[in-house]
1. State which residue pairs qualify: first residue within 14 Å of residue 90 (Cα to Cα) and inside the stretch 22-41, second residue part of a helix (DSSP H, G or I) in any location, beta carbons under 6 Å apart, and separation of 6 or more residues or different chains.
2. With respect to residue 78, determine if the residue is in contact with a helix residue (DSSP H, G or I) (Cβ under 6 Å, 6 or more places away or on another chain), over 30 Å from residue 132 (Cβ atoms) and outside any strand (DSSP E or B).
3. Just one of the numbered conditions (1) at positive phi; (2) over 18 Å from the mean Cα position of the chain (by Cα) is not true of residue 85; which one?
4. Quick one: residue 67 ticks every box in (1) within 24 Å of the chain's Cα centre (by Cα); (2) in the same structural domain as residue 31 (by TED's automatic domain parsing) except a single one, so which number is it?
5. Residue 68 fails exactly one of the following numbered conditions: (1) in contact with a strand residue (DSSP E or B) (Cβ under 7 Å, 6 or more places away or on another chain); (2) closer than 30 Å to residue 154 by Cα; (3) surrounded by fewer than 19 Cβ atoms within 10 Å (Cβ to Cβ). What is the number of that condition?
């Protein structure tokens, strides 16, 4: 969905008691996790598309548990210019998400480089690197689902994830080769 003018927005108005703060923090974290745009104190917005429904429902449950109030409004911009500005604000937030994702991909590759440099070719390390790659895959999937206007960094992030996958496959081969070499098996695996 790339047409900014066809998007309606779900505006979320939230009122929760200041104490205990854990309730407000839980709602804030859930809305940030789903990609909602904070547009003022206790006021959030998401494109009114299915990708956001589950997260918004979870936020509503958290507000209800805290005995707070939540109101949903559907909105569109008063003009085409307003629609474009709001979509640009939302997309800027997605750009920040993708930038952070790209940074984590670079950290993942640096970690693989370090393990290869020190020749840490163990099954335990392989499992740890696989879990890290799975986390990147889940994060990418989540970011892709909420990037409804197509942020510029999205394609670079997809390419970076693919490169991380190739690098992991290379590392996996190195681990398997090391474990099956005569001097391998330093992790106690008899194979």
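The values are calculated or read from the model by the stated rules, or taken from the named source; none is laboratory data. Every value quoted in this text rests on a predicted model; they were computed, and no experiment measured them. For neighbour counting, all protein chains shown are included, and Cβ atoms are generated from backbone atoms with ideal geometry for every residue, glycine included.
1. 31/59; 34/52; 34/55; 35/146; 37/90; 37/93
2. no
3. Of the numbered conditions (1) at positive phi; (2) over 18 Å from the mean Cα position of the chain (by Cα), the odd one out for residue 85 is (1).
4. It is condition (1) that residue 67 fails.
5. (2)
For every residue, the table says whether it meets (1) under 11 Å from residue 12 (Cα atoms); (2) outside any strand (DSSP E or B).
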| site | (1), (2) |
| --- | --- |
| 25 | no, yes |
| 29 | no, yes |
| 38 | yes, no |
| 45 | yes, no |
| 56 | yes, yes |
| 59 | yes, yes |
| 62 | no, yes |
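Let's see how each residue does on (1) surrounded by fewer than 17 Cβ atoms within 10 Å (Cβ to Cβ); (2) touching a strand residue (DSSP E or B) at 6+ places or on another chain (Cβ under 9 Å):
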position	(1), (2)
136	no, no
139	no, no
143	no, no
148	no, yes
152	yes, no
155	yes, no
160	no, no
163	yes, no
168	no, no
